[in-house]
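A.B. asks: Got a structure here, written out as structure tokens. Questions coming.
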There are 2 protein chains.
Amino acid sequence: MPTPPESIKTGPFAGRTVAALGQDLREGRTTATELARQALDAVAGLDPALNAFVNVDPAGALEAARRADGELAGGTDRGPLHGIPVGVKDLIMVAGLPATMGSRHFSGYVPDHDAACVTRLRQAGAVIVGKTTTHEFAYGPTGDRSATGPSRNPWNPARMSGGSSGGSAAAVAAGMVPLALGTDTGGSVRIPSALCGIAGFKPAYDAIPSDGVFPLSRTLDHVGVLAGDARDCLLAYRCLTAQDGGHDGGQEACRARVAWLDPAGLFPGDSRVVRAVRAASGAEEEVRLPADAGGELRETYTTIQSCEAVAVHAGRLAGAPELFDSEVLDRLRAAADVPGRRYVRAMAARERLAPMIGELFGRHDVLALPAVPITAPLIGLRETVLDGEKIAVRAALLAFTSPWNVLGLPALTVPAGPVGGPVGGPVGGPVDGLPVGLQLVCRPGHEALLFEVAARLARS
Amino acid sequence: MPTPPESIKTGPFAGRTVAALGQDLREGRTTATELARQALDAVAGLDPALNAFVNVDPAGALEAARRADGELAGGTDRGPLHGIPVGVKDLIMVAGLPATMGSRHFSGYVPDHDAACVTRLRQAGAVIVGKTTTHEFAYGPTGDRSATGPSRNPWNPARMSGGSSGGSAAAVAAGMVPLALGTDTGGSVRIPSALCGIAGFKPAYDAIPSDGVFPLSRTLDHVGVLAGDARDCLLAYRCLTAQDGGHDGGQEACRARVAWLDPAGLFPGDSRVVRAVRAASGAEEEVRLPADAGGELRETYTTIQSCEAVAVHAGRLAGAPELFDSEVLDRLRAAADVPGRRYVRAMAARERLAPMIGELFGRHDVLALPAVPITAPLIGLRETVLDGEKIAVRAALLAFTSPWNVLGLPALTVPAGPVGGPVGGPVGGPVDGLPVGLQLVCRPGHEALLFEVAARLARS
């Protein structure tokens, strides 16, 4: 992965993959306990500047690490995540650790059960280091509204990490942990991954169970993973779905056919971002969305998310509105007025759009487009100018990712530049010295092809 | 079935079942052509007083009847509906016949395709006589608001047929046809069947496909059948689902365990109606809804139906509101304001209610309750007094039927009195000289038990 500029200190896991750490562990060059200590030290040293973590759990992490070491020494190997330090978004329940959802509504709340995905993490031998910052109730792609303050972008702490899984992305990008869990309702894994220059994978809808994850919008919510590269995402995804080639189809990872999906059908993009990502995709053919599909996807997403989010928060809106962040409160109140007939029509549009978009896959396995049309904005920015036109930052951040939540399709973002590529280089690398993400989308069951493309591009 | 008082003339099919007609046909005592002529003559004679039909199709009916006769003569027997005259609710498309949906919005509209259920009718050899009156867009259980006027109750034409499949019920009850198709979104087959003293069956959700049926509320809409007795409903249901013991489980129709479901948990009922139906049910055990479930079922039904109905009519509401019946327009406008968050919560409540109500079936196969808490009100009546309390007529009519649309459960209504029972008799018969309906509800797959109970009660 591209690493933040040297002016920003990074932690011990920057540029070290889960796969490589696993080899080091098994060949005796390190221990789970040492990795946990490195992670805890890195958080202590780096987090004051980045605010990636809401809570760390040194005792729990060191205990889990010791157990992992003991098991490995005793011949019990739980697989690729065994002994690996992991951050967990603070919207996902970890028994015994406070879960704030980024909100004052839940200050002091400590769940007594693990979320299903956390249970899987533990069964896979992973070491949970702590809980990562989330935009309040995951209701925002900017990552800068949380009861404990904004998470910050390791490439430039004045800039957004993106959100809502901003803490998870910042923690991985800064090398505090090699892997983190996030949630993705409209891009909340992929947006911060792209803005922070790491890989992020939102699987197919319901591929990773969401029990024990605080809901934002039930029919759009996905659990996903963030890591330094796509291969680590795949390792984690397989562990979380308890499969060895099951959900990802087990199909031959033959050479996938990639088409560039012209993102202009969805939203205007910074032409430098689009050019860099287009070049990185290596795609020779191009497809376009049917006319109006882009607008319909956006409207469908917004309507569904609005109604479902307000349904979750109706009690808090009525009972203690003052505890919400002011921007989140304003947005929820606006969403409360969306009429039911629009929700019903959005759900019907969703059914209509699925086969329409499915046709784009007719001659291709994977669609490629940018993860985000712009680079990381400054924290707090809500409007910006692109090609002389004002655009809304939130809408821009969500524009290329949310369609795949509406349709429930697997989508992966990987850093668009070659590893170690020139910062600020003209093609295939970061723009304005900031990372950009290449997003790859496939149909459920074709995940192996998605990761084959990512691996091929990483080698090239 | 109980037949209307002698002061009201009835047609040739009053008291004649589809099953008996089929025997007559096969044993040469009648022909399909003769049956079609009898139906057309009955409509010509009786319909001016009842307004059960919007449109009749003498040419089409006689042609279909001649074909049916030719096939039978040639040894081709399409089964129980072969040669049987049928009425089709004017919300269900019959190619080449006008379909008004009971609304001026569709005056002059002629569909060019049959609905899927009409295709099945034709394949089964049925003879379509014409289209029956529907409450405008099926949006009302009273059956008295339609572009072509109210359908009327054969037991007393000053009274409601009930709706929205009011024409189908009146046509069967008056003996104009032995069988009719209807739709049922909150009780639109069962309510008019009960008020008119015939049998009506709403199958499990989606058991009869709804392609080609104008929608009212997509997740609540069901296609159903109306006939003189339960056995004829079963014959028609089997033909419409192209099964011989498939959908209804093919299970042994052993003696079903019936429980009385105390209807007080849903809505107040006329005590004479409840007593008569309770006696007719023969149920020895009684179950009750969990506290609050009744209110939650009603609220869930109303919210889902409101939002889905307005989604269907948004364009007409904006473009030509003046073409709606004034009451339907007022109701749609009120429904347009229901917020999406309430719809989302209603859909969640629906998921929660399903297993809760499912538990009532723990020790019983069939739940029995009245189909409607009152007897047929006068046309136009919107409020009435029950035990000294004002009640809304629409809410009363829907109260005992709509829960089974929310849950998608099969529900059958049969006349509560023994066949030919005393009009106005104290127990088990009509109340105020008007019929009452016993409703039987089961789980999908247990339909055979439902019909076993109906058959047993009809014999007793």
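To keep it simple, each residue is scored yes or no on (1) of a type in the set (K, R); (2) farther than 19 Å from A:L412 by Cα; (3) open to solvent by 30 Å² or more (accessible area, probe 1.4 Å); (4) part of a loop (DSSP other than H, G, I, E, B).
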site	(1), (2), (3), (4)
A:A256	no, no, no, yes
A:A276	no, no, no, no
A:A283	no, no, no, yes
A:E286	no, no, yes, no
A:A291	no, yes, yes, yes
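A.B. asks: For region B:349-387, enumerate the residues that are under 25 Å from B:G140 (Cα atoms) and within 14 Å of chain A (Cβ to nearest Cβ).
C.D. replies: Result: B:A349, B:R350.
A.B. asks: Ok, one more. Got a sec? Which of B:F324, B:F361 is surrounded by 13 or more Cβ atoms within 10 Å (Cβ to Cβ) and at pLDDT below 95? Please lay out each step first, then the result.
C.D. replies: Working: B:F324 fails: at pLDDT below 95.
Every option except B:F361 fails the conditions.
A.B. asks: When you go through A:E389, A:E383 one by one, which is the residue that is touching a Lys or Arg at 6+ places or on another chain (Cβ under 6 Å), surrounded by fewer than 13 Cβ atoms within 10 Å (Cβ to Cβ) and among the acidic types (D, E)?
C.D. replies: That would be A:E383, the only listed residue that is touching a Lys or Arg at 6+ places or on another chain (Cβ under 6 Å), surrounded by fewer than 13 Cβ atoms within 10 Å (Cβ to Cβ) and among the acidic types (D, E).
A.B. asks: Could you check region B:222-237 and list, in sequence order, the residues that are assigned to a loop (DSSP other than H, G, I, E, B) and open to solvent by 30 Å² or more (accessible area, probe 1.4 Å)? I'd like the intermediate steps shown before the answer.
C.D. replies: The first filter runs over region B:222-237 and keeps only residues assigned to a loop (DSSP other than H, G, I, E, B), leaving B:228-229.
Hit for region B:222-237 is B:D229, nothing else.
A.B. asks: Kindly indicate which of A:A64, A:A49, A:A39 is open to solvent by less than 50 Å² (accessible area, probe 1.4 Å), closer than 23 Å to A:S164 by Cβ and out of contact with any helix residue (DSSP H, G or I) (no Cβ under 6 Å at 6 or more places or on another chain). Break it down stepwise before answering.
C.D. replies: Working: A:A64 fails: closer than 23 Å to A:S164 by Cβ; A:A49 fails: open to solvent by less than 50 Å² (accessible area, probe 1.4 Å).
After ruling out the rest, the residue left standing is A:A39.
A.B. asks: Restricting attention to region B:238-254, report how many residues are touching a helix residue (DSSP H, G or I) at 6+ places or on another chain (Cβ under 6 Å), at pLDDT below 95, of a type outside the set (D, E, K, R) and crowded, with 20+ Cβ neighbours inside 10 Å. Talk me through it step by step, then tell me what you get.
C.D. replies: Residues of region B:238-254 that are touching a helix residue (DSSP H, G or I) at 6+ places or on another chain (Cβ under 6 Å), as a first pass: B:240, B:248-249, B:251, B:253.
Now narrow it down to the ones that are at pLDDT below 95: B:248-249, B:251, B:253.
Filter once more, keeping what is of a type outside the set (D, E, K, R): B:249, B:251, B:253.
Narrowing the set further to residues that are crowded, with 20+ Cβ neighbours inside 10 Å leaves none.
The qualifying residues number 0.
A.B. asks: Is there a residue being touching a residue at least 60 places away in the same chain (Cβ under 8 Å), within 14 Å of chain B (Cβ to nearest Cβ) and of a type in the set (A, V, I, L, M) anywhere in region A:317-333? Lay out the reasoning, then the answer.
C.D. replies: Narrowing region A:317-333 to residues touching a residue at least 60 places away in the same chain (Cβ under 8 Å): A:320, A:323-325, A:327-328, A:331-332.
From what's left, within 14 Å of chain B (Cβ to nearest Cβ): A:331-332.
Now narrow it down to the ones that are of a type in the set (A, V, I, L, M): A:332.
Taking every residue of region A:317-333 in turn, at least one turns out to be touching a residue at least 60 places away in the same chain (Cβ under 8 Å), within 14 Å of chain B (Cβ to nearest Cβ) and of a type in the set (A, V, I, L, M).
A.B. asks: Right, another one. Conditions: (1) more than 10 Å from every other protein chain (Cβ to nearest Cβ); (2) of a type in the set (D, E); (3) touching a Gly at 6+ places or on another chain (Cβ under 9 Å). A:E308 meets all but one. Number of the miss?
C.D. replies: If we test A:E308 against (1) more than 10 Å from every other protein chain (Cβ to nearest Cβ); (2) of a type in the set (D, E); (3) touching a Gly at 6+ places or on another chain (Cβ under 9 Å), just (1) comes out false.
The values are calculated or read from the model by the stated rules, or taken from the named source; none is laboratory data. Bear in mind the structure is a predicted one, so any value in this text is a computation, not a measurement. Virtual Cβ from ideal backbone geometry, glycine too; neighbours counted across all protein chains shown. Remember, those area values only see protein heavy atoms, side chains included, never the ligands or the DNA or RNA. Shrake-Rupley method; radii C 1.70, N 1.55, O 1.52, S 1.80 Å.
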